[in-house]
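Report on the structure given below.
Bear in mind that the values in this text are calculations on the coordinates, not laboratory data. Computed from a prediction, not measured in an experiment: that's the story for all the values here. Methodologically, a virtual Cβ is constructed for each residue, glycine included, from the backbone with ideal geometry; neighbour enumeration extends over all protein chains shown.
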Amino acid sequence: MKLINTHIIARHLPDITGTQTVQCVFCGEQQISGFPKARIIGPSFMDHDALGAGDGVCIHCAACLGMGQERGKRLMMTSFLATEAVLLRLKREEILAHILGPPAAPFVFGITFSHKKHITFRAPVNMPGQRPYVIRTDNSSVAVYPERLTSLIVAMRAWYTICKETAQELTWFTKEEIRLGCWNHKRIETYGTARYLSENAVIQPYRGTALLNLLTYALNKSAYEKPPQPEKEVITVSE
């Protein structure tokens, strides 16, 4: 059976009833229930490069574009992970765990930064164990080898660890510094120059890539760890 991204996703969206039989300009399916192209694709639609031959939009692709749903519940408003069994609407804090542990079933993975763009029809179907698998974001497709990310994630989490017990929960370095590097020498010295240089060498090869931008967006703060306190010297007095 052919697996189509929007058809997998639409299984979990409200049912809609087509008005005619169409060839879908998004998924390419022929003789399928849908709607005239002009009814679904308005003048503000910008992704004409994603359209193929056809005369309409099928019910599955139309549902993925939000037809029959309140604006706040449309899929363009959230990151998502879909299999044939489930559709997860992901909060930012939940994303990284799913990047590192993708489903053991065919899946479609989309992550939005802007909550303004339709990405369902650009997100490919990934097969179980596929490497790399692909996540679609607002602007690009990101190839992911989760097993290769261990050292990178360890370094990123170290930098994004809370460094003081304050209400602001300041971290050793900011997400921008993870993406671009840090030039604050005093902060580097406080963190530990050797440690900074070692971890920066792990992060540096990924700078400027869509993968690092995605992982940085998904990164969560690591909890503050109180530095170990030196043991007090016990003095005994002999009689």
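Entry note, the chain: the mean residue ellipticity at 222 nm calculated from DSSP H runs of n ≥ 4, each adding -39500 (n - 2.57), is -7500 deg cm²/dmol after division by the residues and rounding to the nearest 500.
Here the calculated FRET efficiency for Arg71 and Ala201, from their Cβ-Cβ distance with R0 = 45 Å, stands at 0.50, rounded to the nearest 0.05.
In the elastic network of the chain, a GNM with C-alpha springs shorter than 10 Å, the most mobile of Ala63, Ala143, Ala104 is Ala104. Full extension of the chain between Thr161 and Ala210 yields a length gain of 15.4 nm, computed as 0.36 nm times the residue separation minus the alpha carbon distance. Exposure proxy shown here: for Asp15, Asp49, the number of other Cβ atoms within 10 Å sets the order, fewest to most, as Asp49, Asp15. Between Glu147 and Arg92, the FRET efficiency estimated from the beta carbon spacing at R0 = 25 angstrom works out to 0.60.
With a simple spin-label model that places each label point 7 Å from the Cα along the Cα-to-Cβ direction, the separation between His48 and Thr174 comes to 3.9 nm.
Where a Cα-Cα gap under 20 Å defines reach, which lysines qualify for Lys37, not counting those fewer than 8 residues away within the same chain? Output for Lys37: Lys117.
By the count of other C-beta atoms within 10 Å, a proxy for reagent exposure, Leu180, Leu96 are ordered fewest to most as Leu180, Leu96. Rg/Rh for the chain stands at 1.15; both radii use Cα atoms, and Rh follows the Kirkwood definition. Note on Asp15 and Gln31: the model spin-label points, each 7 Å out from Cα along the C-beta direction, lie 2.3 nm apart.
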